[in-house]
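Remarks on the structure that follows.
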Amino acid sequence: MLNVFPSLLSFSLIAPLIIRLAIGAIAIYFAYKQLRNRGDTPSKQYVLSSLTLVCGILIIIGLFTQLAAVALSVISIIGFLKTEWSAISTKRSALDILFIVATLSLIFSGAGFLAFDLPL
């Protein structure tokens, strides 16, 4: 198969790094937002938000990346299945699907550059 930019293939480990940083930042942002505006939320929501925060930090630093990506995928799938389908939640559902796909790609591709995880 013809590749348009064959010289860029030597930098293929940068893609998981970019995905990892974006997913980690989004997870930390949403977890922090939920923990800050906690109010009278049930303890189940507090545990999921705390787990999301820890997984986001682990993904950014590249430690236990695949395990943290599995946890974020499960949390995202649960959240996606609980949302009601309406015109308002269409953008949120699209973001959930994109988040699930990105975390699944991290499970299969690994951490990439600048991570503590090393392929064995």
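The table below lists the values:
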{"read-out": "Subset of region 41-68 that is in a loop (DSSP other than H, G, I, E, B) and touching a Phe, Trp or Tyr at 6+ places or on another chain (Cβ under 7 Å) - its residue that is nearest to Ile14 (Cα to Cα)", "value": "Gly62"}
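Residue by residue, here is whether (1) over 15 Å from Asp117 (Cβ atoms); (2) charged (D, E, K, R); (3) without any contact (Cβ under 8 Å) to a residue 24 or more places away in the chain; (4) buried (at least 16 other Cβ atoms within 10 Å of the Cβ) holds:
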| residue | (1), (2), (3), (4) |
| --- | --- |
| Val4 | yes, no, yes, no |
| Ser10 | yes, no, yes, no |
| Ile26 | yes, no, no, yes |
| Ala31 | yes, no, no, yes |
| Ser43 | yes, no, yes, no |
| Ser49 | yes, no, yes, yes |
| Val74 | yes, no, yes, no |
| Leu98 | yes, no, yes, no |
| Leu106 | no, no, no, yes |
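No value in this document is a laboratory result; all are computed from the given coordinates. Here the structure is a predicted model, which is why all the values come from computation and not from measurement. Neighbour counts run over all protein chains shown; Cβ positions are idealised from the backbone, glycine included.
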